[in-house]
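Before any comments, here is the structure.
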Amino acid sequence: MAGIDAASGRQPLPAAGPTELLRDFLEVRSTFAVDLSGDGGTALVVSNLSGTMQLYKVSTAAGHEMVQLTDLDDPCTGRLLPGSGDVIVSVDHGGNERHQLHLLTEPRGALRPLVVDPDHIHLLGGISRDGSLISYASNRRNGVDFDIYVRDLRSGEERCVFDRGSWCHAGGFSPDGRFVAVSQPTELTMDNDLFLCDLVGGEIIHVSPHDGDAFFGEPAWLEGGDAFLFATDAGRDVSAVARYEMTTHTWRYLGESSWDVDCWTDPQGRRALVVSNEDGYSRIDLFEASSMRPLRRLRLPSPGVVGTGYPAPPPRFSGDGSRLVLSHQSAAEAGDAWLVDLDGGGWSRLTNSPRDVPVEGCVEPELHRVPSFDGEPIPAFLYRPIHPQDRQPPVVVHIHGGPESQHTPTFNPVIQYLVARGYAVLAPNVRGSTGYGKRFHHLDDRRLRLNSVRDLAALHAWLPSAGLDASRAVLYGGSYGGYMVLAGLAFQPELWAAGVDIVGISSLVTFLENTAPWRRRIREREYGFLDEDRDFLLEASPLSHVHHIRAPLFIIHGSNDPRVPLGEAEQMHSVLSGKGIPTELLVYPDEGHGLARLNNRLDAYPRVAEFLDRVLRTDS
């Protein structure tokens with residue numbers, strides 16, 4: 001298939017065969033901002049320069065010197081300790097997601113265990129302004145529920161401050177270190193309660209009493225510490241910024257919004273940064289925090305996405321609030337760290353992650369809305385090949401995981417490779433995706449699950465109108481996206497030419513029975529409860545309808561996956577192989593829920609590309 005050339009106005013891709021070209025895309029590195037020192041002189045970033053995400057320090061002065069801090073066998077992340085330059089490092093083992101906390105006191109030095117128990121999980125929350133306290137969540141009490149702990153780094157003493165059950169998340173501290181925030185999921189999907197634990201008096205303040213389901217975000221404290229801002233969608237479809245008063249224990253909305261938002265304040269609590277999710281693209285606005293009076297809009301280097309969570313952490317301010325670091329990605333840019341001068345308004349690129357594939361050789365998507373079986377518009381990003389070999393190119397329907405997630409226009413090396421090779425890629429946000437309000441998100445809950453699969457049929461029917469070859473349409477997805485791949489092949493066997501399933505669910509019953517115990521109850525709220533919905537869970541499981549599958553299938557899984565156990569892949573592969581359906585299973589012993597290591601990606605994805613070329617009979 002033809003590549004991109006100068007005649008299209010884009011820089012030509014490297015002159016290489018298909019395997020070499022894919023390797024070039026997979027070798028594109030990315031860097032994400034993690035933290036910023038109090039004086040704004042040093043940024044902490046994570047980068048996969050070595051093949052896995054490791055920690056580096058970057059000077060924000062001229063030259064932006066980058067110094068590697070960790071060189072571990074497994075990916076890691078961390079935070080700076082205010083005032084010391086030390087780093088708290090969080091790392092698991094082999095993708096098992098049992099994160100442990102260590103202290104790093106010098107570049108590339110030995111890690112000193114801080115909170116370590118390999119049998120349990122420790123998830124770092126916040127760090128107090130003076131660097132003396134950290135909060136973290138751990139399931140050490142019973143292996144299931146996550147309690148919240150506060151540890152004094154000077155004395156080594158720690159105490160449990162919240163143990164009311166569920167998968168709770170530790171938040172940040174109030175400016176004076178007296179209160180620590182806790183988010184506790186409820187029995188409803190995408191619903192949580194927000195609490196403040198008083199570390200002096202012992203009181204637990206329930207910030208968010210509410211009816212129905214609602215999201216309550218992390219407190220962003222205002223000057224003086226008597227109030228804070230947070231994002232919530234209580235009583236509305238999309239989230240907006242609200243203000244909570246500590247004296248009255250009441251809150252109110254400060255304005256309206258048309259899209260979901262996230263909110264942070266600087267350490268002085270004087271300015272608020274609000275990131276809006278506008279159809280998957282980020283918009284950043286700066287406000288006077290107390291009144292939420294608009295100050296100005298921060299123009300991104302190019303249309304794309306700024307980090308607000310995983311995998312790119314949220315923006316971080318310097319101590320005086322004059323600077324912040326953040327991560328910026330786009331469909332063409334894999335991600336780098338940027339420094340923003342909030343007084344002068346200028347952006348400085350702190351990192352330039354290496355790549356052999358030029359930015360100009362990557363494709364930006366078109367955004368469409370495809371009506372589904374019930375008229376519901378399904379947002380979908382279409383990546384068109386610049387020079388398709390065929391009048392109607394084959395198409396890969398790329399389905400995100402979650403389902404509480406969203407495809408956004410960020411760099412994906414496999415998508416960009418496929419487009420460079422002449423495939424079209426359609427990346428939909430089927431019902432149940434986040435980013436479009438609560439109503440849309442709940443359209444696939446529990447016994448509505450198969451309506452999201454019906455969205456796939458509607459997307460398939462739309463393909464010819466977009467000039468794509470519906471007879472050569474492939475499903476591709478990971479995690480929940482892997483479930484959607486298998487469900488599409490099982491429930492719509494006449495529509496799909498092949499499937500690529502990465503760490504996907506083949507049976508909702510065996511998945512819920514065998515997923516890590518700390519995940520089961522949370523996942524049941526989304527998919528259905530084993531003791532109440534078993535009949536439907538069986539009906540909605542691809543494995544229950546495996547006799548209908550006739551398309552070739554490629555499966556990838558990690559041995560250490562605590563979310564979707566390896567057995568989900570093995571049982572599907574075994575049954576299809578017994579039926580004589582072409583199927584291939586790749587298992588990586590040092591991976592968990594996905595492929596975190598470059599060497600494994602370099603092994604797996606060329607095989608996927610060969611599979612697609614073979615089953616679609618394209619020119620390889």
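The values are calculated or read from the model by the stated rules, or taken from the named source; none is laboratory data. Computed from a prediction, not measured in an experiment: that's the story for all the values here. Glycine gets a Cβ as well: all are built from the backbone with ideal geometry, and neighbour counts include every protein chain shown. The accessibility values were calculated without ligands, DNA or RNA, using every heavy atom of the protein model including side chains. Shrake-Rupley method; radii C 1.70, N 1.55, O 1.52, S 1.80 Å.
With the cut-off at 1.5 for a/c, could you classify the range 526-565 from its C-alpha gyration tensor as rounded, prolate or oblate? Because a/c hits 1.5 or more and a/b fails to exceed b/c, the range 526-565 counts as oblate.
Accessible area per residue was computed with a 1.4 Å probe on protein heavy atoms; residue 140 scores about 70 Å².
With 0.36 nm allotted per residue and the present C-alpha distance subtracted, the residue 20-residue 577 stretch has 197.4 nm of extension available.
In this label model, residue 93 and residue 186 are separated by 3.9 nm, measuring between points 7 Å along each Cα→Cβ vector.
Remark: the range 413-428, residue by residue, has Karplus-estimated 3J(HN,Hα) of x, 5, 4, 5, 5, 4, 5, 5, 8, x, 7, 8, 10, 10, 10, x Hz, where x stands for each Gly or Pro and the curve is 6.51 cos²θ - 1.76 cosθ + 1.60 at θ = phi - 60°. Here are some values of Cα Rg over 2.2 N^0.38 Å: [x] 1.21; [y] 0.94; [z] 1.06. Which one was computed from this structure? Matching the structure shown: [y]. Calculated FRET efficiency, residue 285 to residue 159, Cβ-Cβ distance, R0 = 41 Å: about 0.60 to the nearest 0.05.
The amide H of residue 34, built 1.01 Å from its N in the peptide plane, has 44, 45, 46 as neighbours under 5 Å, considering only residues 5 or more places off or on other chains.
Counting only DSSP beta bridges whose two residues both lie in the chain, roughly 80 percent are antiparallel. Amide H contacts of residue 594 (H built 1.01 Å from N, in plane; Pro and chain starts excluded): 558 sit under 5 Å, all sequence-distant by 5 or more or on other chains.
Of the trypsin sites (Lys or Arg not before Pro) found in the range 300-406, those that fall in a DSSP loop while having at most 13 other beta-carbon atoms within 10 Å are 391.
Summary of the geometry: the range 411-473 and the range 109-130, compared by the centres of their Cα atoms, lie 39 Å apart.
What is the range 494-620 by shape, rounded, prolate or oblate, if you read a ≥ b ≥ c off the alpha carbon gyration tensor as root eigenvalues and call it rounded for a/c under 1.5, prolate for a/b larger than b/c, and oblate otherwise? Oblate, since a/c reaches 1.5 and b/c is not below a/b. Students often get this wrong: which residues of the range 249-279 have the backbone nitrogen under 17 Å from the point 7 angstrom along Cα-to-C-beta of residue 200? Within reach of a label on residue 200, which here means backbone N under 17 Å from a point 7 Å along Cα→Cβ, the range 249-279 contributes 249. Roughly how many whole Å is it from the C-alpha centroid of the range 482-522 to that of the range 28-71? Each part's Cα centre sits 37 Å from the other's. How much of residue 454 can a 1.4 Å solvent probe reach, expressed as accessible area in Å² and rounded to 10? Rounded to the nearest 10, the figure is 120 Å².
Heavy-atom accessible surface of residue 264, to the nearest 10 Å², is about 50 Å², with a 1.4 Å probe and all protein chains retained.
Ranked from largest to smallest solvent-accessible area, with a 1.4 Å probe on the protein heavy atoms, 218, 376, 494 come out as 494, 218, 376.
Rounded to the nearest angstrom and listed largest first, the equivalent-ellipsoid semi-axes of the range 544-602 from its Cα gyration tensor are 23, 13, 8. Were the residues from residue 570 through residue 349 laid out at 0.36 nm apart, the gain over their Cα-Cα distance would be 75.1 nm. Mind running the shape call on the range 39-135? Use the C-alpha gyration tensor, a ≥ b ≥ c as the square roots of the eigenvalues: rounded below 1.5 for a/c, prolate if a/b tops b/c, oblate otherwise. Oblate is the answer for the range 39-135, as a/c is 1.5 or above yet b/c matches or exceeds a/b. Could you compute the FRET efficiency for residue 513 and residue 71, with r as their C-beta to C-beta distance and R0 at 35 Å, rounded to 0.05? With R0 = 35 Å, the Cβ-Cβ based efficiency is 0.35. The slack in the chain from residue 359 to residue 584, taken as 0.36 nm per residue of separation less the alpha-carbon distance, amounts to 77.7 nm.
For residue 586, the amide hydrogen comes within under 5 Å of the amide hydrogens of 555, 556, 557, counting only partners 5 or more places away or on other chains and with H modelled in the peptide plane.
The modelled label-to-label distance between residue 603 and residue 471, using points 7 Å beyond Cα along the C-beta direction, is 3.8 nm.
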